[in-house]
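K.L.:
Take a look at this one; I'll ask things after.
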Amino acid sequence: MPQEVVVFAAASLTEALTAAGERFGEAGPQRPPLFNFAGSQQLANQLVQGAQADIFVSADQRQMDEVVRAGLIDPSAVSLFACNRLVVVTSGQAVDSLAKLAAPGVKIVVGADVVPVGAYTQNFLAAAAADPLYGEGYRAGFLANVVSYEQSVRAVLSKVRLGEADAGIVYATDAQSVADVGLLEIPAHLNQLATYEIGPLLGGHSPELARQFLDFLRTPESRTLLTEAGFVLDCAVPGQQTRP
């Protein structure tokens, strides 16, 4: 019976990792990986509570640290996988500039603080509050407009696409995956570099197959899939310590 590797991965990696998994399955007798895509904090909680998997890919270091602290992943086996950045997605014409996000009456949806994209959003707001062009009033106005805090970046994107909000903050790769939303760039000095970490779980059911898939994700073929999806590879994070 063909083996199968189980991968718990951040929702924003859905298209890229699914494509890589299909290529991996075509390359040998093994089946494509079985993926569980969700918010990184949800996946980390599931793993800590006993869910079985072979590989975990988190959209930030904080959630990976939770799994490492639980003794489920050897910290020396964790590595930086890819990077992403924030963008604003919009529905309709209510938001046509970054400044409009703080205007009265605008409806915004963002990730909850425990969700990586939500934490990165709060860091963006802190940077904007410290910028004389925006200031603390901008952060206050933005937060007053938030109508929903979601548990995954895909939930944020979905609400904007459905017109339930005028704007939301997601990763650039999520915005690239759809064509029915508007897009506003966040200036580089305010943006946040989202770092994705990957590691094999101790006690996984298919450790050898997990190693093979991890190796496959480092091949030029897989790296091309990631860059085509909008991810940044070999990314350096100024002032931020990352694992080797």
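The values are calculated or read from the model by the stated rules, or taken from the named source; none is laboratory data. As the structure is a computational prediction, the values presented were derived from the model and not from experiment. For neighbour counting, all protein chains shown are included, and Cβ atoms are generated from backbone atoms with ideal geometry for every residue, glycine included.
K.L.:
Given the conditions (1) surrounded by fewer than 16 Cβ atoms within 10 Å (Cβ to Cβ); (2) over 20 Å from Thr227 (Cβ atoms); (3) of a type outside the set (Asp, Glu), report the number of the one that Ala27 does not fulfil.
P.N.:
It fails just one condition, (2).
K.L.:
Right, next: Regarding Arg31, is this residue modelled with pLDDT of 95 or more and either more than 17 Å from Pro116 (Cα to Cα) or among the aliphatic types (A, V, I, L, M) (or both)?
P.N.:
In short, no.
K.L.:
Within the set of pairs 6+ apart or on separate chains, which have a first residue in segment 96-118 that is free of Cβ contacts under 8 Å to residues at least 12 places away in the same chain, a second that is surrounded by fewer than 14 Cβ atoms within 10 Å (Cβ to Cβ), and C-beta atoms under 9 Å apart?
P.N.:
none
K.L.:
Considering only residues that are in a loop (DSSP other than H, G, I, E, B) and touching a strand residue (DSSP E or B) at 6+ places or on another chain (Cβ under 7 Å), look in segment 166-187 and name the one that is farthest from Cys235 (Cα to Cα).
P.N.:
Asp166
K.L.:
Whether any residue in segment 201-224 is buried (at least 17 other Cβ atoms within 10 Å of the Cβ), in contact (Cβ under 8 Å) with a residue 60 or more places away in the chain, over 30 Å from Val68 (Cα atoms) and not basic (Lys, Arg) is what I want to check.
P.N.:
For segment 201-224, residues buried (at least 17 other Cβ atoms within 10 Å of the Cβ), in contact (Cβ under 8 Å) with a residue 60 or more places away in the chain, over 30 Å from Val68 (Cα atoms) and not basic (Lys, Arg): absent.
K.L.:
Now for a different question. Of the residues that make up segment 167-177, is at least one loosely packed, with under 14 Cβ neighbours inside 10 Å, modelled with pLDDT of 95 or more and within 23 Å of Gly39 (Cα to Cα)?
P.N.:
no
K.L.:
Just checking, which of Leu133, Leu101 is farther than 24 Å from Ala11 by Cα and in a helix (DSSP H, G or I)?
P.N.:
Leu101
K.L.:
So, one more: Would you mention how many residues in segment 120-129 are without any contact (Cβ under 8 Å) to a residue 24 or more places away in the chain and either touching a Lys or Arg at 6+ places or on another chain (Cβ under 8 Å) or more than 19 Å from Glu185 (Cα to Cα) (or both)?
P.N.:
Within segment 120-129, the subset without any contact (Cβ under 8 Å) to a residue 24 or more places away in the chain is 122, 125-126, 129.
Going one step further and asking which of them are either touching a Lys or Arg at 6+ places or on another chain (Cβ under 8 Å) or more than 19 Å from Glu185 (Cα to Cα) (or both), we end up with 125-126, 129.
Matching residues across segment 120-129 total 3.
K.L.:
What number of residues within segment 80-98 are more than 16 Å from Ser40 (Cβ to Cβ) and either assigned to a strand (DSSP E or B) or in the same structural domain as Thr224 (by TED's automatic domain parsing) (or both)?
P.N.:
Looking only at that region, the number is 5.
K.L.:
I would also like to ask the following. Just one of (1) at positive phi; (2) among the small types (Gly, Ala, Ser); (3) at pLDDT below 95 trips up Gly71, so point out which.
P.N.:
(3)
K.L.:
Do any residues in segment 188-199 that are in contact (Cβ under 8 Å) with a residue 24 or more places away in the chain have Cβ atoms under 8 Å from those of residues that are in a strand (DSSP E or B) and charged (D, E, K, R), where the two are at least six apart or on different chains, and which pairs are they?
P.N.:
Here the result reads Asn191/Arg85; Gln192/Arg85; Leu193/Arg85; Ala194/Arg85, each pair linking segment 188-199 to a residue that is in a strand (DSSP E or B) and charged (D, E, K, R).
K.L.:
Still on this structure, please answer the following. Take the residues of segment 151-165 that are surrounded by 24 or more Cβ atoms within 10 Å (Cβ to Cβ) and assigned to a helix (DSSP H, G or I): which is modelled with the lowest pLDDT?
P.N.:
Val153
K.L.:
Continuing with this model, one more query. How about segment 188-222: which of its residues are under 23 Å from Asn123 (Cα atoms) and part of a loop (DSSP other than H, G, I, E, B)?
P.N.:
Passing the criteria: Ala188, His189, Leu190, Asn191, Gln192.
K.L.:
Name every residue in segment 202-216 that is among the hydrophobic types (A, V, I, L, M, F, W, C) and in contact with a helix residue (DSSP H, G or I) (Cβ under 8 Å, 6 or more places away or on another chain), in order of residue number.
P.N.:
Phe213, Phe216
K.L.:
Next up: Could you say which residue among Ala51, Ala16, Ala77 is among the aliphatic types (A, V, I, L, M), free of Cβ contacts under 8 Å to residues at least 60 places away in the same chain and at negative phi?
P.N.:
Just a single option satisfies the conditions, and that option is Ala51.
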